[in-house]
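Report on the structure given below.
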Amino acid sequence: MAQEVKTTCPYCGVGCGVIAKIDDDGAVSVKGDPDHPANLGRLCSKGSALAETIDLEGRLLYPQVDGIRVNWDDALDLVASKFSEAIAEHGPDSVAFYVSGQLLTEDYYVANKLMKGFIGSANIDTNSRLCMSSSVVGHRRAFGSDTVPGLYEDIFEADLVILTGSNLAWCHPVIYQRLAAAKLERLHMRIVVIDPRRTMTCDIADMHLAIRADGDVALFTGLLAHLANGPAIDHAYVESFTNGFDAASQSAMGYSLPEISKATGLTIAELIQFYELYEHTEKVVTCYGQGVNQSASGTDKVNAIINCHLATGRIGRPGMGPFSLTGQPNAMGGREVGGLANMLAAHMDIENADDRDRVQRFWNSPAIATKPGLKAVDLFQAVADGRIKALWIMATNPVVSMPDASAVEAALKACPFVVVSDMFATTDTAKYAHVLLPSLGWGEKDGTVTNSERRISRQRGYLPAPGDATADWWQLSQVGQRMGFSGAFDYTGTAEIFAEHAALSGFENRGSRDFDIGAYSDLTKPDYDGMPPFNWPQPVSIGTETTRFFADGKFFHADGRARFIDTTLPQTSRIDVAYPLTLNTGRIRDQWHTMTRTGKSARLSSHIAEPFIEMHPRDAMEAGIDSADLVEIESPLGKIIVRALVTERQARGNLFVPMHWNEQFAAHARVDTLVPPVTDPYSGQPASKNIAVKMQRFQAEAFAFAVTQEKPQHLDCTYWALAKAEGGYRLELAFEEAPEDWINWSRTVFGIAPQIEPIGYADNSSGQIRLAFFDRDTLLAALYVANTPVAVARNWAISQLAVRHTDLRTRFSLVAGRPGAGKSDPGATVCSCFNVGVNQITSAIREGCHTVEAIGKTLSAGTNCGSCRAEIRGIIEGCLKTAAE
Ligand SMILES: Nc1nc2c(c(=O)[nH]1)N[C@H]1C(S)=C(S)[C@@H](COP(=O)(O)OP(=O)(O)OC[C@H]3O[C@@H](n4cnc5c(=O)[nH]c(N)nc54)[C@H](O)[C@@H]3O)O[C@H]1N2
Ligand SMILES: Nc1nc2c(c(=O)[nH]1)N[C@H]1C(S)=C(S)[C@@H](COP(=O)(O)OP(=O)(O)OC[C@H]3O[C@@H](n4cnc5c(=O)[nH]c(N)nc54)[C@H](O)[C@@H]3O)O[C@H]1N2
Ligand code: SF4
Ligand SMILES: [Mo]
């Protein structure tokens with residue numbers, strides 16, 4: 001009998017409910033959980049492809065010390081003794097944990113308890129520092145607590161939805177789809193997107209404000225000034241429940257509209273139109289993402305947004321409020337357990353003596369950290385300069401994702417003792433581990449996550465543990481016990497940890513702290529196993545209603561009032577002759593961060609298979625760069641090489657490179673190599689979206705494209721980018737010096753046996769070489785070389801890996817690099833659910849399908865997860881526009 005398990009998606013902070021179905025033969029499939037309030041049955045492309053990413057290829061299955069397999073006892077004893085020795089010799093601040101918003105709450109709780117309550121240092125920071133820390137500080141400055149006031153339904157019930165610094169269509173796709181559906185039903189709803197790029201999210205926008213990088217403080221300060229003397233101010237709310245309105249609004253009014261226009265790069269007409277829309281619409285939700293948080297002025301951006309909501313009293317009521325969209329599946333859970341170096345458990349304050357005392361009494365712990373620990377960037381600097389002697393990295397890949405990534409790499413190389421807990425054996429970070437600990441991953445582990453609307457959901461394991469892999473909480477508890485803290489870490493399962501966490505949240509709380517799930521303190525294992533998703537707070541005293549914060553004007557500062565923050569405008573214009581361009585970084589639709597999981601899916605990898613740089617056509621022209629050229633991008637810290645994507649979606653002078661690619665997938669495409677360790681002064685969050693760079697065309701002697709069944713080995717060329725494809729891999733290449741013998745080169749790289757002879761073609765004048773290797777009727781590898789970027793029907797070539805080539809003619813079509821008569825090339829994948837390519841869509845458009853719905857009927861594209869609908873609409877518009885010209 002097939003079994004169905006309700007769990008939660010391990011990717012973004014939307015926190016969609018997933019039903020995993022396990023057939024009798026062990027095959028797993030997933031679908032959206034119709035009963036989960038976050039998604040009501042929907043899933044995006046990444047969620048839909050979950051079953052394709054759970055195979056064991058590449059998994060770390062056994063503990064290793066210096067690359068050699070050991071048993072758990074030896075590994076754990078070593079970790080415990082190295083940490084204890086460092087503490088004994090150099091004090092508790094000589095050790096550190098660097099953890100992740102992808103840990104489950106139970107893992108995170110134990111990590112934080114061990115470091116802050118037992119080791120007695122606050123040197124535990126998390127990749128949430130790179131993600132949400134500006135929001136945390138912004139919330140705490142305004143509200144006195146790290147509270148997201150609203151619920152998802154507010155976004156769909158609002159009359160004006162502002163999306164700033166958020167590419168919702170690609171990064172929170174299910175919220176995007178629900179918003180798009182709400183807009184179809186509520187015709188008066190307006191959507192404004194504020195982003196330097198015209199992203200796919202703009203597909204549903206009534207207004208796109210192509211703001212200059214870091215113009216947000218100016219934009220929202222200008223909005224406060226505009227509102228200040230007008231009818232939208234809620235004087236009763238401001239007077240009864242807040243402090244600082246006069247100072248903040250006076251200071252805001254000190255800026256003229258032309259100054260705001262200059263700082264934002266928006267015209268005065270655009271500003272007035274936006275300001276009036278805000279002023280005259282009561283039900284406003286302002287959603288914001290990394291374009292706000294990841295900035296040297298990130299915290300002020302958050303407060304500039306919140307100021308406007310407080311001033312109008314539009315907060316905590318249906319359809320109203322500021323809304324921080326959390327990125328990782330458990331960014332919120334991490335904050336609840338106090339996983340940041342400057343927080344304490346259960347939203348308590350490390351700098352407050354009463355809070356410290358309360359937590360220490362609850363834990364009955366020998367110590368409690370007395371001061372904030374090192375924030376991520378400072379933490380890795382302390383690793384580099386030798387202050388940190390032992391470091392444990394868990395569920396994050398800092399060699400890829402931290403700013404100045406090469407310095408992070410050097411720091412790990414120099415660190416006396418590095419422990420890495422991960423699911424995969426070869427990540428860019430795992431390379432530097434003295435001890436590698438195999439962790440359970442999604443589908444195997446058990447626990448809870450909290451999504452952007454404070455909803456706690458269960459992740460449930462339904463797969464056996466692979467090899468010797470164990471849960472992260474178990475590894476931490478074992479090390480805790482071996483360091484001598486037995487009683488406090490003798491957990492036998494996650495239900496126990498969750499109940500303890502719940503009890504701490506309610507401990508001496510009585511409404512004084514926002515985070516209270518005391519109602520779950522006495523939870524039993526069966527309760528926990530059956531626990532449906534719920535939204536916090538859930539103190540002992542109330543039932544399970546879904547709640548908003550702050551409509552009642554009750555805030556968590558000592559005087560119970562909210563604060564307006566007087567935000568001064570940051571310096572945004574930068575004149576750097578050597579590095580004149582502004583590099584922005586972020587995400588693409590179908591990859592998750594450093595690609596360890598999504599990179600396994602051929603379907604997800606087919607949407608965008610190569611690292612790229614988006615640039616405006618004028619910038620491309622000035623640099624002598626054509627579409628599909630390779631481009632070298634340089635900052636004072638280093639260089640990368642990626643493919644040019646020339647598009648008017650990009651503003652002039654502004655470039656965009658995705659954050660995902662790393663050494664497992666490309667030669668020189670790790671964008672954080674270029675990012676300086678500049679941080680927000682309040683939150684310590686790195687400014688990953690405004691980087692001074694220069695670029696030039698990358699000159700190569702030869703370019704190549706290849707498809708291969710076997711994973712390529714010994715790639716020693718200047719540029720390569722590898723992606724999983726159906727039946728094998730696809731590979732883009734460029735050579736500063738071309739190999740002398742392409743046949744031998746291919747044999748080595750593609751693992752072709754000596755007895756297999758290629759069929760081939762060479763044209764010396766154009767530098768074109770084409771080789772295909774067959775084992776009887778199966779294509780092993782095909783290589784296309786040219787002295788300019790290679791033009792070949794790529795998706796067609798990939799599809800040939802799965803085709804039987806019994807006929808000589810089809811083998812020769814591979815050398816020709818294009819389908820034979822009667823066959824066609826689907827083109828680059830647009831819809832990854834149904835594998836529909838751009839050429840198929842354009843030919844359907846030619847045949848009369850002029851709407852996304854019509855394309856859906858004909859090709860099914862866009863009818864499953866819907867993540868590609870904006871792109872399909874863009875293709876239709878592009879085709880019809882070209883036809884009209
Ligand atoms: N597909 C996919 N989805 C994901 C993730 C993923 O890896 N892949 N990761 C998850 C995580 S952890 C996170 S944190 C979220 C991030 O989700 P988002 O914040 O939506 O994603 P980003 O692409 O990082 O950045 C959002 C936008 O900010 C814009 N931006 C840059 N500078 C500025 C500026 O100065 N002002 C304004 N207003 N906008 C600016 C960028 O152009 C970009 O389009 O996504 C989550 N969802
Ligand atoms: N330039 C630039 N840099 C950025 C960003 C940006 O926009 N631009 N965004 C930043 C943001 S918002 C974020 S959130 C970070 C994300 O950056 P990272 O956290 O470094 O990226 P991930 O690939 O998600 O890393 C998670 C790691 O944990 C492993 N893993 C998965 N599940 C488990 C588990 O259950 N247990 C254990 N132990 N390991 C597990 C995965 O295999 C992977 O190696 O990147 C940041 N860096
Ligand atoms: S929107 Fe997509 S990635 Fe995010 S939780 Fe839902 S299914 Fe997962
Ligand atoms: Mo994030």
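The values are calculated or read from the model by the stated rules, or taken from the named source; none is laboratory data. Just so it is clear, the model here is predicted, and its values are computed rather than measured. We place every Cβ from the backbone using ideal geometry, glycine too, and count neighbours over all the protein chains shown.
Taking every residue in segment 40-57 that is of a type in the set (Asp, Glu) and pairing it with any residue that is in a helix (DSSP H, G or I), at least 6 positions away or on another chain, the pairs with Cβ-Cβ distances below 9 Å are Glu52/Lys600; Glu52/Ala602; Glu52/Arg603; Glu52/Leu604; Asp55/Lys600; Glu57/Lys600. For first residues located in segment 490-510 and more than 14 Å from Tyr109 (Cα to Cα), partners that are buried (at least 19 other Cβ atoms within 10 Å of the Cβ) and lie 6+ apart or on another chain with Cβ distances below 6 Å form the pairs Gly506/Asp516; Gly506/Gly518; Glu508/Arg358; Asn509/Asp516. Do we have Ala558 as more than 16 Å from ligand 3 (Cβ to nearest atom) and part of a loop (DSSP other than H, G, I, E, B) here? Yes, satisfied. Looking at Ala38, Ala96, just one residue is surrounded by 24 or more Cβ atoms within 10 Å (Cβ to Cβ) and within 14 Å of ligand 3 (Cβ to nearest atom), and that residue is Ala38. Elements of the type strands (runs of 3 or more DSSP E) sitting completely within segment 562-643 and holding at least 2 residues that are more than 29 Å from Val792 (Cβ to Cβ): these cover 581-586, 630-635. Only residues that are within 14 Å of ligand 2 (Cβ to nearest atom), over 17 Å from the mean Cα position of the chain (by Cα) and not aliphatic (A, V, I, L, M) were counted across segment 572-599, and they come to 1. Taken over segment 1-20, the criterion of being away from ligand 4 (no atom under 16 Å from the Cβ), modelled with pLDDT of 95 or more and in a loop (DSSP other than H, G, I, E, B) is satisfied by Cys16 alone.
None of Ala802, Ala861 is at pLDDT 90 or above, assigned by TED's automatic domain parsing to the domain that holds Phe773 and small (Gly, Ala, Ser) except Ala802. Is there a residue being over 22 Å from Val671 (Cα atoms) and surrounded by fewer than 24 Cβ atoms within 10 Å (Cβ to Cβ) anywhere in segment 405-414? There is at least one residue in segment 405-414 that is over 22 Å from Val671 (Cα atoms) and surrounded by fewer than 24 Cβ atoms within 10 Å (Cβ to Cβ). Could you tell me whether any residue of segment 201-215 is assigned to a loop (DSSP other than H, G, I, E, B), assigned by TED's automatic domain parsing to the domain that holds Val285 and on the phi > 0 side of the Ramachandran plot? Yes, segment 201-215 contains at least one residue that is assigned to a loop (DSSP other than H, G, I, E, B), assigned by TED's automatic domain parsing to the domain that holds Val285 and on the phi > 0 side of the Ramachandran plot. Would segment 168-175 turn up any residue that is assigned to a loop (DSSP other than H, G, I, E, B), touching a residue at least 12 places away in the same chain (Cβ under 8 Å) and within 16 Å of ligand 4 (Cβ to nearest atom)? So far as segment 168-175 goes, yes, one or more of its residues are assigned to a loop (DSSP other than H, G, I, E, B), touching a residue at least 12 places away in the same chain (Cβ under 8 Å) and within 16 Å of ligand 4 (Cβ to nearest atom). Total residues in segment 725-745 satisfying the condition of being touching a residue at least 40 places away in the same chain (Cβ under 8 Å) and either in contact with a strand residue (DSSP E or B) (Cβ under 8 Å, 6 or more places away or on another chain) or part of a strand (DSSP E or B) (or both): the figure is 7. Taking the criterion of being within 10 Å of ligand 3 (Cβ to nearest atom) and either among the β-branched types (Val, Ile, Thr) or closer than 27 Å to Thr426 by Cβ (or both), the residues of segment 41-58 that qualify are Ser45, Lys46, Gly47, Ser48, Ala49, Leu50.
Counting only residues that are β-branched (Val, Ile, Thr) and closer than 20 Å to His90 by Cβ, which one in segment 113-131 is farthest from ligand 1 (Cβ to nearest atom)? Only one residue fits best here, namely Ile119.
When segment 112-137 is filtered for residues that are of a type outside the set (Val, Ile, Thr) and away from ligand 4 (no atom under 16 Å from the Cβ), the ones remaining, listed by number, are Asn112, Lys113, Leu114, Met115, Lys116, Gly117, Phe118, Gly120, Ser121, Ala122, Asn123. Can you confirm whether Ser521 is surrounded by fewer than 22 Cβ atoms within 10 Å (Cβ to Cβ) and modelled with pLDDT under 95? Judged against the criteria, Ser521 is not a match.
Screening the candidates Val399, Val420, Val383 for the property of being touching a Leu at 6+ places or on another chain (Cβ under 8 Å), within 16 Å of ligand 2 (Cβ to nearest atom) and outside any helix (DSSP H, G or I) yields one hit, Val420. Selection of segment 779-799 for residues being of a type outside the set (A, V, I, L, M, F, W, C) and modelled with pLDDT under 95 yields Asn787, Thr788, Pro789, Arg794, Asn795, Ser799. If you filter segment 266-285 down to residues that are out of contact with any Gly (no Cβ under 6 Å at 6 or more places or on another chain) and assigned to a loop (DSSP other than H, G, I, E, B), you find that the one that is farthest from Leu310 (Cα to Cα) is Thr267. Any residue that is in contact with a strand residue (DSSP E or B) (Cβ under 7 Å, 6 or more places away or on another chain), touching a residue at least 24 places away in the same chain (Cβ under 8 Å) and within 16 Å of ligand 2 (Cβ to nearest atom) - is there at least one of those in segment 237-248? Checked against the condition, which is being in contact with a strand residue (DSSP E or B) (Cβ under 7 Å, 6 or more places away or on another chain), touching a residue at least 24 places away in the same chain (Cβ under 8 Å) and within 16 Å of ligand 2 (Cβ to nearest atom), segment 237-248 yields no hits at all.
Yes or no: segment 546-563 includes at least one residue that is more than 30 Å from Gln360 (Cα to Cα), of a type in the set (A, V, I, L, M), away from ligand 1 (no atom under 16 Å from the Cβ) and touching a residue at least 60 places away in the same chain (Cβ under 8 Å). Yes, some residue in segment 546-563 is more than 30 Å from Gln360 (Cα to Cα), of a type in the set (A, V, I, L, M), away from ligand 1 (no atom under 16 Å from the Cβ) and touching a residue at least 60 places away in the same chain (Cβ under 8 Å). Where helices (runs of 4 or more DSSP H) sit wholly within segment 21-116, those with at least 2 residues that are within 28 Å of Met132 (Cα to Cα) and outside the structural domain of Gln664 (by TED's automatic domain parsing) occupy 45-48, 105-112. Checking the stated criteria, Ile306 turns out not to satisfy the condition of being part of a helix (DSSP H, G or I), of a type outside the set (Asp, Glu), modelled with pLDDT of 95 or more and surrounded by fewer than 20 Cβ atoms within 10 Å (Cβ to Cβ).
So in segment 151-167, with the set limited to residues that are in a loop (DSSP other than H, G, I, E, B) and in contact with a Lys or Arg (Cβ under 9 Å, 6 or more places away or on another chain), which one is surrounded by the most Cβ atoms within 10 Å (Cβ to Cβ)? So, considering only residues that are in a loop (DSSP other than H, G, I, E, B) and in contact with a Lys or Arg (Cβ under 9 Å, 6 or more places away or on another chain), the one surrounded by the most Cβ atoms within 10 Å (Cβ to Cβ) is Ala158.
For segment 36-81, filtering for residues that are closer than 30 Å to Pro92 by Cα and polar (S, T, N, Q) leaves 3. For beta carbons closer than 9 Å, sequence separation of 6+ or different chains, a first residue in segment 324-342 that is in contact (Cβ under 8 Å) with a residue 60 or more places away in the chain and of a type in the set (Val, Ile, Thr) and a second that is near ligand 4 (Cβ under 10 Å from one of its atoms) and not in a loop (DSSP other than H, G, I, E, B), the qualifying pairs are Thr326/Ser128.
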